[in-house]
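Okay, so here's the structure we're looking at.
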Amino acid sequence: MLKSLAGIRILDLTSYLSGPFATMTLAGLGADVIKVERRDGGDPARTFPPFCGSGGTALIEPTSEQDESVAILKRNRGKRSLTLNLDSPEGRELFLRLAEKSDVVIENLAPGVMDRWKLGFDVLAARNPRVIMCSISGYGRRGPKKDLPAFDPIVQASSLTMASNGYADRAPTRTGISFGDTVPALYAVIGILAALKERDRTQRGKKIDIAMHDSLVAMLMVEPVEAQLAWNFPMRTGSKIPRLVPCNVYPCVDGYVALNAAPPRLWQRLAKLIGAADLEDPALVPLARRLQRHEWIDTRVAGWVAQFTVGHLIELTAKNGIPCGKVVEDMNELIADPSLAERGMLRPLEHPGLGVLPGLFAPSIPIGTDAEGSAPLTRAPLLGEHTIAILREELGLDAAELQNLSRTGII
């Protein structure tokens, strides 16, 4: 999988998280990703704390010129960095020349920016009929909301995601993970891979439109939410799933576990393990009958779980084929997880000037084979680190041309 996309070049005009997460994934699969950034600061996420450098990790603001945003060091792995002034005709022409040699252009710019730069799909396709253009935006590039700006919390709010997350006696809650960014990023990867496959047949590229809002609605509507209207959906039920029981987070002696024994065969195993005659009643085997006694069953299971340590309960349930896992609440414990280590999933984070940074880790791409494992990524580049090399090697510009472009503020 590490070289599955070898030979595929991607021009990356994205910033923040949704686009960079998509292009990082594609880089992990072997694509050559050229991240195109403004000369004056580049991706705005470069200013986002925390920062790391020779003085360690700074939580609020940089402490030295060497400090880099930890977010950028994670999201830009596997890419090359090119600075280019796309507000200038010369910069746009250089971009179009690179597009002629590329397979994919991906952007998550504000609505109208690509057209203002005269770099829309029609222009790109006129220079390269095989080019694929993928746009990620809050509400898509068509429709009545297409001009509305959005970030992760905004689309979580508008997609019912917040309304279905948290607890009934509290306000709607954003999910801890930025699903409004990462879910559409993965849909973008899927769309790009599908378009590349279709291009093998048609020899022509196409335009892909990914909406962050659509992506979260797609995740929501895969559940039978319409049928849950009788339960006043959307509901904020914490860790419970109202149509499943027992399925919840339960306290043990020394921590919490998540346990799901809702399917009838699993419920029978759990009831036998608990050893209570009333729970082993055959009438409770159908899930529908248990749902009628939801609170009672949840309370009984919680009372049984409470007598065990987390480790003992997980060992006991595993022996009986009942899904149960510890609620991990400590980052160091996650980093030390032997399964992640065996699978090569977490790797030390590397600074472009200082090398490996103690105590900081970044995930591999979680797509692997038995032979390769999870895909590692090379370190993130400095802003504009590869500008000269890309323009010289890909477009054949000589030293005088490069010097002039730098002098006039194009690169």
As straight-line cross-link partners of Lys326, the qualifying aspartates and glutamates (C-alpha separation under 15 Å, not fewer than 8 residues apart within one chain) are Asp254, Glu315, Asp337
Excluding residues fewer than 8 positions from Lys319 in its own chain, the lysines with Cα under 20 Å of it are Lys272
The extension gain from Leu186 to Lys3, computed as 0.36 nm times the residue separation minus the Cα-Cα distance, is 64.0 nm
Inter-part gap, Cα centre of segment 217-280 to Cα centre of segment 6-51, in whole angstrom, is 39 Å
Here, Val225 and Gln268, labelled 7 Å along Cα→Cβ, have an inter-label distance in nm of 3.5 nm
Once amide hydrogens are built 1.01 Å from N within the peptide plane, the residues lying 5 or more places from Asn248 or on another chain with amide H under 5 Å from its amide H are Leu259
Asserting the computed 222 nm helical MRE of the chain (DSSP H runs at least 4 long, -39500 (n - 2.57) per run, divided by residue count, to nearest 500) equals -10000 deg cm²/dmol
Any lysines whose Cα falls less than 26 Å from that of Lys74, other than same-chain ones fewer than 8 residues away, would be Lys3, Lys35
Whole-percent carbon and sulfur contribution to the accessible surface of the chain (1.4 Å, no ligands, DNA or RNA) stands at 56 percent
Honestly segment 1-70 on the Cα gyration tensor test (a ≥ b ≥ c root eigenvalues; a/c under 1.5 rounded, otherwise a/b vs b/c for prolate or oblate) is just prolate
One finds, for Ala371 and Asp278 with R0 = 45 angstrom and r their Cβ-Cβ distance, a FRET efficiency to the nearest 0.05 of 0.30
Helix 179-202: inclination vs the chain longest Cα principal axis, degrees, rounded to 10, gives 60 degrees
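What's the extension gain from Arg174 to Ser339 if we count 0.36 nm per residue and subtract their Cα-Cα distance?
Between Arg174 and Ser339, full extension yields an extra 56.5 nm.
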Gyration tensor on Cα atoms of segment 174-249, a ≥ b ≥ c root eigenvalues, a/c under 1.5 rounded, else prolate if a/b beats b/c, else oblate, says prolate
Extension length gain for Glu61 and Thr299 (0.36 nm per residue less Cα distance), in nm, is 80.9 nm
Distance in nm between Asp122 and Arg392 label points, each 7 Å along Cα→Cβ, equals 3.9 nm
Ignoring ligands and nucleic acids, His294 exposes an accessible area, probe 1.4 Å, in Å² to the nearest 10, of 30 Å²
Rounded to the nearest Å, the spacing of the alpha-carbon centers of segment 288-354 and segment 106-167 is 37 Å
If R0 = 41 Å, then Leu193 and Ser88, at their Cβ-Cβ distance, give a FRET efficiency to the nearest 0.05 of 0.75
Trypsin sites (Lys or Arg not before Pro) in segment 1-97 lying in a DSSP loop, each with at most 13 other Cβ atoms within 10 Å of its Cβ, come to Lys3
The long-range amide H neighbours of Gly166, using H built 1.01 Å from N in the peptide plane and a cut-off of under 5 Å, are Thr237, Gly238
One finds, for Ser406 and Thr202 with R0 = 41 angstrom and r their Cβ-Cβ distance, a FRET efficiency to the nearest 0.05 of 0.55
Filtering GluC sites (Glu not before Pro) in segment 311-363 by DSSP loop and by at most 15 other Cβ atoms within 10 Å leaves Glu329
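The values are calculated or read from the model by the stated rules, or taken from the named source; none is laboratory data. Since the model is a prediction, treat every value here as computed from it, not as a measurement. Every residue, glycine among them, receives a Cβ derived from its backbone with ideal geometry; neighbour counts consider all protein chains shown. SASA here: full protein model, heavy atoms, side chains in, ligands and nucleic acids out. Shrake-Rupley method; radii C 1.70, N 1.55, O 1.52, S 1.80 Å.
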